[in-house]
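Here is the structure we will look at.
The values are calculated or read from the model by the stated rules, or taken from the named source; none is laboratory data. As the structure is a prediction and not an experimental result, all values here were calculated from the model. Using ideal geometry, Cβ is built from the backbone for each residue, glycine included, and neighbour counts are taken over all protein chains shown. Note: areas computed on protein heavy atoms with side chains; ligands, DNA, RNA excluded. Shrake-Rupley method; radii C 1.70, N 1.55, O 1.52, S 1.80 Å.
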Amino acid sequence: MTAPVNLPLKSRGKLASSLPAEQLAEIAGLFEFRRTGYSLDAPFYTDPTIFKIDMEAIFGEHWIFAGSVAELPEPGDYITVDYGPYSLIVLRNDDGGVNVLHNVCRHRGARVLTEAAGSTGNLVCGYHSWTYSPEGNLIHASAPGETKFDKGCFGLKRAHSRVVAGLIFVCVADEPPTDFDETSKIFEPYLAPHDLSKTKVAYQQNIIEEGNWKLVMENNRECYHCDGHPELACSLFPTWGLTEGLIPAHLEEVWDRNKEAQSSLEERCRRYGLPYEVVEELDTRIAGIRISRESLDGEGESFSADGRRLSKKLLGDLPDFRLGRCSMHLQPNSWFHFQSDHVITFGVFPVNEHQTLVRTTWLVADDAVEGVDYDLDKLTYTWKQTNLQDKAFVELCQTGAGSPAYEPGPYMKSEYQVEAFINWYVQRVQEHLA
Amino acid sequence: MGSTEAPARAARALGPWHPQEFMAECVETVPEAGGLMTFVFRRCDGAPLAFRAGQYVNIAFPVNGEDQDPVDRSYSLSSSPTEPWTFNISVKRDATGLVSPWVHQNVKPGTVLEMLGPVGAFHLPDADRRARYLLLAAGAGITPIMSMVRTIHSLPGHADVVVLYHGAEAGGFAFHQELAYIASVDSRIKVFYSLGDRNKPEGWEGLSGRLTAAMLDEVAPDANGRQVYACGPEGYLNTATELLGKVGVDDTSIYMEFFSGDRQTLLEYQAELALAVDIAEEIAEEIADSAEDYYESQPTAFGLYEPGYDAEGPLQATGLPLETVDPEAPETSDGGSAAEAEAEAPDASSFETVGTGSLTLSFMRTGINVRIDPTEHILGPAQRAGVRIGANCKEGMCGSCKVVKLSGEVDMNHQGGIRAREIDAGKFLPCCSTARTDMVIDA
């Protein structure tokens, strides 16, 4: 018997193939004739149709970062994750695993869970009380007079999920890209020592940025603008993204300090068996990644004004506070900073073509006590400030993309990761449209 | 006799780590290297002693004889609280000292001493998911560190312990045989020794020289991520503080116990002791009022010896039932009871009267009446009038001015220099007391 539970989305037709041929050709042309090394044409940031294509080709096909296990510590804990047209329930099941279900009631399509996070036994739709088990099976629907109603046919649709080193990834495609497993093997050894299963959420911040999701990602992939982050510049070397030969005179001293800090960090990493080498495959694989462990300025421990630890409890079984930041960029929607004392996860969830939810989550050791082991305001200060500054930068660009005077401009050498992100994006969409 | 009371008392005593006043009998003495002697005690009431590795007890030593006031000293416990039926202190003999030579010479199996404890915020945490420690000891500073090493060794679980032990001469490392044994069978514990440069003999295989950042880096390159416990003389600990900062250890990860006996240390000890006395006293009172109510009212959380506990915190934070101070233990009768003294006292009305003020203090031994104001501390006017009262700190801490009050009332603002039972027996500290009424004093 074929279960009709997971009807493939494509059975309802791809957006791409439903568009008038003329419009589709025009859009395909925008991708095809994209000028390498330059920012995208305005419609990529402003056009609702391209946004729909993004949702289908990128967010409908790839592995998306949804959250971390620290956000669902106990069985029954859940978060809802919305992006574009999708709403997913990410739920900790009784076996300790994670179930990902489409948050769409199989009766009339109502949102089943309406809170951003919570804890639940069974899942009850608020509209007609259709009730699903945590596995998504419909276990109750009052049906007076119905004779042919088969509950077995109306379970919540499930999406794919992977939990790697405590990070939860979801994919709504019927057949997820398979190279994610390879990417997982790259980053798992870097992140596992921080043991996210023994962390808790110290704080979570949700910001809606008035900008297209790609502008949010582009902004994250370079530090050319880091002069605009005075708080971050205390601990993050402002030479980030630069290489020997590109160092402006006013940063030479910083560059030397950076090199020295990096070499002692690497020595410590070798001593403790922690990987630190840069792996950069941002646009050379489907699950694009960049990961490394890099030094921080000052004491080299955390994102504070003097580089000193922000939580007194080490994560996992880490032996030393001076471990800089293990930073990871994943395509298409996330980046991370893993320090010895806390972890910050960043998830980007598009709302529409001009609005994007940026969710930042600060994790500390689960036995760290607020006010004793860490001060919440100090813990979150640097990145709260930085996020607000980034939001403003993104919004400046979004406004610009709406201007008739806008035309694509060149990415500089230090912005090579922006180019890599755009190149990855263009390739992925073109493959989808092909 | 099969009474149910004894085991219940013992079980209660195991629970918390409240300071108590108790009597303990020496059961064994063990000579150690470096001029130390270990004294093994057991409580006279048969109860185990609950304490945390690193804490100390305050002991009253009758160095001037049983009929004189004892001299109090604090000694770190060197045994492990996981073997609570006996406990050890290890005393270094200081030839010029008042107490330690006496202890070495006189305390032997059978000796019974009055103690107060456990006391001290310098101790291992009760639970630590990442038990990663750097234990620094110099000389006799090894005693609380030894308690920590023995404790960790005796318990299962993950731990990562580096001990760096500084000594003045090769033969002077107390406990070195046991430390070597523990290090050889317990892979969690590493022990390093370092000698002063001048005394390095041929064939010395340990480290040499004083504590340096390079030495710290050599024995514990990951010191930055460890909790550091250090005990030793003041100079050594000051150096350690500075060097630990240099290798990146956070202030909040450093715990220190000064063994130099300087004034500041004494003040800290006395403050802790004063608090301990108060706690023992208050608990005893509350239990005396209604044991049942008292035990039921205690919350289960327990945070008494968290660093920075304060006078308000402990009672609220106490968790489990505790053993009370033995209220029956009599004060030694030196100079007779108050009634006796009064009965035999010469007539104060014949004494010379000096000073001005609204109240009259009659010093019976000296034979003088001193008039004072109710606002002034008693000690000063009494000494000026020629009353022989020894006094040292003049802040209610050292107890050296302790005298017996035969009648009258005082307001005493002491800081641990006197025990509850001494006050009950009519003693007070004139250095920190004002008179509330006319008084008759045995001095």
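Label separation (residue B:375 vs residue A:256): 6.6 nm, computed from points 7 Å beyond Cα along the C-beta direction. For region B:348-442, the Kirkwood estimate of hydrodynamic radius, built from reciprocal distances between every pair of different alpha carbons, is 12.9 Å. Most simply put, the protein assembly as shown has about 75% antiparallel DSSP beta bridges, counting only bridges with both residues inside it.
Only helical runs count toward this figure. For the protein assembly as shown, summing -39,500 (n - 2.57) over DSSP H runs of n ≥ 4 and dividing by all residues gives -8000 deg cm²/dmol at 222 nm. List, in the order given, every pair from A:200/A:259; A:313/B:246; A:312/A:384; A:52/A:157; A:200/B:246 whose Cα-Cα distance in the structure shown is over 28 Å. Violating the 28 Å Cα-Cα cut-off are A:200/A:259; A:200/B:246. When the solvent-accessible area of region B:20-119 is split by element, carbon and sulfur atoms take up 49 percent of it, the probe being 1.4 Å. In region B:237-254, the residues whose accessible area drops by at least 30 square angstrom when the other protein chains are added to the isolated chain are B:248, B:250, B:252; the probe is 1.4 Å and only protein heavy atoms count.
Per-residue 3J(HN,Hα) values for region A:240-248, derived from phi via the Karplus relation 6.51 cos²θ - 1.76 cosθ + 1.60 with θ = phi - 60°, read 4, x, 8, 10, 3, x, 9, 7, x Hz in sequence order (x marks Gly and Pro). Hey, what angle do you get for helix A:252-272 against the long axis of chain A, alpha-carbon based, 0 to 90 degrees rounded to 10? The angle comes out at about 60 degrees. Solvent-accessible surface, computed for protein heavy atoms with a probe of 1.4 Å, shrinks by 20 Å² or more for the following residues of region A:334-379 when the other protein chains are added to the isolated chain: A:367. Amide H contacts under 5 Å for residue A:282: A:289, restricted to partners 5 or more places along the chain or on a different chain, H placed in the peptide plane at 1.01 Å from N. What region B:20-119 shows is 37 Å² of accessible area per residue, with the surface traced by a 1.4 Å probe over protein heavy atoms. For region B:132-260, just say rounded, prolate or oblate: build the C-alpha gyration tensor, square-root its eigenvalues into a ≥ b ≥ c, call rounded for a/c under 1.5, and beyond that prolate if a/b exceeds b/c, oblate if not. Note, shape of region B:132-260 comes out rounded. Of the trypsin sites (Lys or Arg not before Pro) found in region A:360-434, not one falls in a DSSP loop while having at most 16 other beta-carbon atoms within 10 Å.
Coupling constants for region B:40-51 follow from the phi torsions by the Karplus curve (6.51 cos²θ - 1.76 cosθ + 1.60, θ = phi - 60°), and in residue order they are 9, 10, 9, 5, 5, 7, x, 7, x, 9, 8, 8 Hz; glycine and proline get x. FRET efficiency for residue B:186 and residue B:238, Cβ-Cβ distance as r, R0 = 30 Å, nearest 0.05? The computed FRET efficiency comes out at 0.45. Probing with 1.4 Å while keeping every protein chain in the model, the per residue accessible area of region B:143-224 equals 49 Å².
Size descriptors for region B:20-119: radius of gyration and Dmax over Cα atoms are 12.6, 36 Å.
In this structure, the residue pairs whose Cα-Cα separation is over 22 Å, taken from B:92/B:427; B:108/B:402; A:214/A:391; B:394/B:427, are B:92/B:427; B:108/B:402. Ligands, DNA and RNA left out, the 1.4 Å accessible surface of chain A is 51% carbon and sulfur atoms.
Residues whose amide H lies under 5 Å from that of residue B:208, counting only those 5 or more places away or on a different chain, are B:195; hydrogens are built 1.01 Å from N in the peptide plane.
For region A:315-321, backbone phi angles converted through the Karplus equation (6.51, -1.76, 1.60; θ = phi - 60°) give residue-by-residue couplings of 7, x, 10, 5, x, 8, 7 Hz, Gly and Pro being listed as x. Remark: C-alpha extents of region A:64-163 on the principal axes read 45, 30, 21 Å, sorted largest to smallest. The residues of region A:64-163 present an accessible area of 47 Å² per residue when probed at 1.4 Å with all protein chains retained. Proximity of backbone amide H atoms, modeled 1.01 Å from N, is registered between residue A:102 and A:89, A:157, A:158, A:159 at under 5 Å, excluding neighbours fewer than 5 places apart on the same chain.
Quick one: buried accessible area between A and B, total over both chains, 1.4 angstrom probe, nearest 100 Å²? Show your work: numbers first, answer last.
On the way: alone 19030 and 20880 Å², together 38590 Å².
Result for this pair: about 1300 Å² buried.
Of the GluC sites (Glu not before Pro) in region B:136-239, the ones in a loop by DSSP (not H, G, I, E or B) with at most 15 other beta carbons within 10 Å are B:169, B:202, B:205.
Determine the share of region B:132-260's accessible area contributed by carbon and sulfur atoms, expressed in whole percent, with a 1.4 angstrom probe.
Accessible surface attributable to carbon and sulfur in region B:132-260 totals 51 percent.
Across every direction, the projection of the convex hull enclosing the Cα atoms of the protein assembly as shown has a mean area of 53.5 nm². Largest GNM mean-square fluctuation among A:396, A:282, A:72, using chain A with Cα springs under 10 Å: A:396.
Once the partner protein chains are put back, region A:302-330 shows a loss of at least 30 square angstrom of accessible area, versus the chain by itself, at A:308, A:309, A:312, A:314, A:319, A:322 (probe 1.4 Å, ligands and nucleic acids excluded). Annotation for region A:120-162: trypsin sites (Lys or Arg not before Pro) lying in DSSP loop with at most 10 further Cβ atoms inside 10 Å of their Cβ are A:148.
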